[in-house]
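Below is one structure, written out as structure tokens, with a few remarks after it.
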Amino acid sequence: MRTTPASGTIRLALAGGLVLLLTAGITAAAYFDEATLNLGGTGIGNPNTFDIAVHDQGNALQDAKTPASAVVLTTSGSSAFTVDTPVIFDVTVTNRTTSLKGSIVPVLYDPDPVTDDLFAKLRFSLYLDGSTSPVATGATADELNALGTAFVDVAAGKEHTVRLSVVLATGTGFAYSGKTTQLGVRMDGESTP
């Protein structure tokens, strides 16, 4: 927990919220959530909290302090990255019922960057809240992050779903066959002032 001044308000970073780990075949993914609380002059304390969490495989809300305490998830369909058949997984993020209203931004990252990593060869299609129309298709992680896609003014108790459909970049071929990587999706949240 840390506090830093920000434009006349106090920003309290509640780091650690949640980590999930997706393991299937040659794939792995980690999720991390963090929440930032914007406070006026009222001070810190209940009900002045912004608390997001993610559903595990049993549909229970989970928080975690570090990526090392990840919750294991599975994929839907294929479990190996190819150029044609996507690895699909869903993440449901919740603003807890006792929480303040806030915005949540899914951010992709590589938790285990290495030289010539498979992560750089992945292409993502992003779907929100069960929509059949993607926000983006065939994008790199950096391209998706640059979009700044957000769930805005998420009320206490409200849930949102992020679906990622992931393939290898066209032309990747057999050079990356059998290689593994970790895929991180961090849920960055900030309470609405």
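A short reminder: the numbers here are calculations on the coordinates, not readings from a lab. Here the structure is a predicted model, which means the values were calculated and not measured. So basically every Cβ, Gly included, is an ideal-geometry build from the backbone, and we count neighbours across all protein chains shown.
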For this session: Extending each Cα 7 Å along its Cβ direction at Thr132 and Thr170, get the distance between those two points in nm, one decimal.
Result: 2.4
Problem set entry | Pair Thr192, Thr161: separation of 7 Å Cα→Cβ label points (nm) | 2.3
Problem set entry | Chain lengthening between Val152 and Thr92 when straightened (0.36 nm per residue, less Cα-Cα) | 20.1 nm
